[in-house]
Every structure is written in C-alpha cells, then in structure tokens.
Amino acid sequence: MVNKLSGWDDTIIALATPPGIGAIGVIRLSGLNAFNIINELFSSKDLTAQPTHTIHVGLLKNEGENIDEVVVSLFKGPRSYTGEDVIEISCHGSPYVQQQVVQACIKKGARIAKPGEFTQRAFLKGKLDLTQAEAVADLIASNTEASQKTALNNIRGGFSQVLKSLREQLIGFSALIELELDFSQEDVEFADRSKFYELIESASITTQQLLQSFQLGNVIKNGVSVAIIGKPNAGKSTLLNTLLNEDRAIVSEIAGTTRDTIEEILNIKGILFRLIDTAGIREHSTDVIELVGIEKSMEKMKAADVVLYIFDVNEMSGSELEIIKTEFKKANKKYILAANKADVMPGPSANDEFNASENIIFISAKNKEGIDEIKDALFSSTVNKQPATESVVITNARHFESLQQVMQSLQDIKAGLDHAIPGDLLALDIRRCLYYISEITGDISNEDMLEFIFSKFCIGK
C-alpha cells in the first residue's frame, strides 16, 4: 500500500486557465502555506482571519509595488478540491500580469505544480478515488455531449459505486472464510456457500456488462475512424465535401486528383467520426505519386474502424461488388457500400443486380441525396443506439484491462465453489479479485502508475 501523504505538504501554484491573453486569468494555490503566502501579498485585509468559501477584492503587491487588482477566493481544507487550503486568484488576463503573480508567490515559498498535481492531491487526500480523478481529465478533454456526460457521471462516482458495492460484499465473505480457517479443527462453515455463489453470479454479470460497455466507451472517448475508399473518380472527395457541408477536398473529373489522404471530423449524434478521404484505388498506374497515395489508402483502410466504400453505380458490376464485399469480410472489416451517381442511372433496371445486396445505400454525392442515410449507417454500424450516458460506461483502457482480471478471478472463484475446494484456496482467489478491483480505484496502487496517470493532466488541474 502506498503511503499516500508522504512528501505532499508543500504549497503548489499554477495557472488554471489557458495561457494567453484573455479577460481574466485564474491562478490556483494549494498547500499548507497557501493562506500565509497570499496574505503577505494581499494588502487589503488579513486573509487568514476570513472564513472559508468567501471572496475578497483588493490589490496584490510585491515588495510594495502593485501587481494587479484581483479577486481572491478562499477554500479552507478539507472543504476544498484538493482537501488542502486552496486559494484561487482571479487577475486580469495579461500573460505578464499572470507571470508576475506566479513569480511573487514563488518568492514567498510556493513551487510550480506538476501536471495533474492538484487532482493527484485530491486523490491522495481521499477527496476522489482514482477512477474519479481520471474522469476529471476525461471531462477536460471532452468534445462532445456524450463524452462530457459520461465523464461527469464517472466524476460523480457512478463507476466507483459499482466497484465499491462489489468490493464490500467480497470482503464480507472473505472475512467469513478467513474465520473458518481459524476454526479449521472444528469443521465449521461460517460463509453461506449458496449466497456466495449468488453473489459471484451477480458480480460476473455486472463485470461482463462493464466490459461490454468499453466498446461504446471507446467510441465516445476517441471517436470512429472512417476510411472513404473507392476507385478513382467514384466521388469520394465530393462525398466528403457533402458530408462536411464545405469544399474541403479538391474535386475534378480527372481520375487520380486526390494523391494524399485528407482527414476531417464529423459529429453525428454526439459521436465524432474522423473521415479520411483517400486516393482512388486502381490496379494499374504508372504515376509514382499516385502509387504512394494508393499505398497510403490501403494502410488507412486497414487501420479504420469502418470502411465507407463508394462506387459509380453505372460502372460497377454485381459480380465485382461481391468480390469487394468478400474481401472486407475476410479482413473482418465493418463496411458500408455507397452506390454513387444514382441520379444519372439509365433506369430502374440498372440497379436490379444490386437490390438484393445488403448494406447498399444509393446516393448522389453531387446532389446531396442519400447523405442522411449515410450518416445513419455510420452511426448504427459502430454505436447501434444513442449512448445512455446516465449508465456506467467504461472509457479507460486501464480499467478495461483490470476488469478482465476481475472477471477471470470471479470465474476462478466460481469454479472453486463448483469443485468445493478448501477455504484457504478460495480465499486466495477472493484476494486476487479484490486486488484488481482496488487497483482500479487506487486503493492498491504504485507510484509509477500514479505518475503516469497524472502526468497526462494539464498543469493547472
């Protein structure tokens, strides 16, 4: 178990708002001497005598020279974000003024905070568990409604509560089994095996649901990469421009116009889709630059979550399309087929051979026809339904890996109960399960892991 509080008694300072010119800048201090440091610079009143959660206006001075007129917000520990004494200084948003304030505080004994150190202190002081602390970083980085709501739910302890409930029940049964070991000569059974079996069944279902939510969570957090693939002059760039509702890619009648990949972001129902317009793929080309573009197209297609294959409906044969579909299926790749230029088809009979094929959407990228169907297909191919962000959704790969270990431990416990193994062996499996649950919440952790997690935060958080 990490000694959470050793070496964390100094006072840290950092700019909490983005660097640069703005109306105001907020500078945050946290630590044992936060009030004393600011009190020496704030000439209007004695801040150490003021109650917590109050705001004060006055001049901030350094060695008798005015720095700025500021608003000072006081938060006395433990009723603060970090659990320590915290002061937030709202000054004017000049980078020079902000630098002067920070330097004055450093002269009085503060030091610049490390990335994520404010939230790390909140974790070490027990204000947040590790899952909530990581959700803070997710909330700061959120760029859609779905990612914002998911992160906020985890900050409020949605995921933590599920783990806490499971952990407490396992600890209860573990204690009873450990007690049985103390009375091994008496051949008594304190832990009701049938109730324990029900708990493991319920815990396995909950853990499996959490693991399954990671696919959605990964989509919410990281978005979906979509490679727009097709032959030259099939309309890939026109489709990209139409989806984005702007002229992002160059469009011409000359085959092979797109030589390099173009990437843009499209928000569909709160999920970000990274659209990648690729060079047209054809079997024979003597243009060296075009060949490099085709090679990049193949790489993007392999790495993409979904392939949007667009073809000229007037030139594609049904048999050729079947070959393309077979290749996607062999590669286990999700795909959507867009039959472009449907507005210039000779007649209804021209698309008869495609009508029996699944996943084909007839569009006219030029005339903006069928575009909503493309968006719906992209969404349903990866999300299936609107994210229910009020429920617990796993978005963190570290949590997913630990939950896999929890699931394996639960299966081992269940197998042990099925085979009536001795209590001491059963207790080992329970301890292993508790270890991986505690690893997620940070009750059992290591300093290297904590440094890695909090190093990804911005400095002022």
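The values are calculated or read from the model by the stated rules, or taken from the named source; none is laboratory data. Note that the structure is predicted; figures quoted are calculated from it, not measured. Because the Cβ atoms are built from the backbone with ideal geometry, glycine has one as well, and the counts that use them run over all protein chains shown.
Miscellaneous remarks
Yes/no matrix, rows are residues, columns are (1) part of a strand (DSSP E or B); (2) more than 23 Å from the chain's Cα centre (by Cα):
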{"residue": "Ser80", "(1), (2)": "no, yes"}
{"residue": "Glu84", "(1), (2)": "no, yes"}
{"residue": "Ile87", "(1), (2)": "yes, yes"}
{"residue": "Ser90", "(1), (2)": "yes, yes"}
{"residue": "Val101", "(1), (2)": "no, yes"}
{"residue": "Lys127", "(1), (2)": "no, no"}
{"residue": "Ala133", "(1), (2)": "no, no"}
{"residue": "Leu139", "(1), (2)": "no, no"}
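- Single condition Glu40 does not satisfy, out of (1) over 26 Å from Gly126 (Cα atoms); (2) under 38 Å from the mean Cα position of the chain (by Cα): (2)
- Of all the numbered requirements in (1) at pLDDT 85 or above; (2) surrounded by 21 or more Cβ atoms within 10 Å (Cβ to Cβ), Lys164 misses one, and that requirement is (2).
- Test for Val102: is it β-branched (Val, Ile, Thr) and surrounded by fewer than 18 Cβ atoms within 10 Å (Cβ to Cβ): no
- Selection status of Ser225, within 29 Å of Lys333 (Cα to Cα), at pLDDT 85 or above and in contact with an Asp or Glu (Cβ under 7 Å, 6 or more places away or on another chain): yes
- Against the test of being closer than 13 Å to Gly460 by Cβ, in the same structural domain as Ile38 (by TED's automatic domain parsing) and out of contact with any strand residue (DSSP E or B) (no Cβ under 9 Å at 6 or more places or on another chain), the options Thr82, Thr119 yield a single qualifying residue, Thr119.
- Checked across region 292-314, the condition of being over 22 Å from Asp376 (Cβ atoms), more than 26 Å from the chain's Cα centre (by Cα) and modelled with pLDDT of 75 or more holds for at least one residue.
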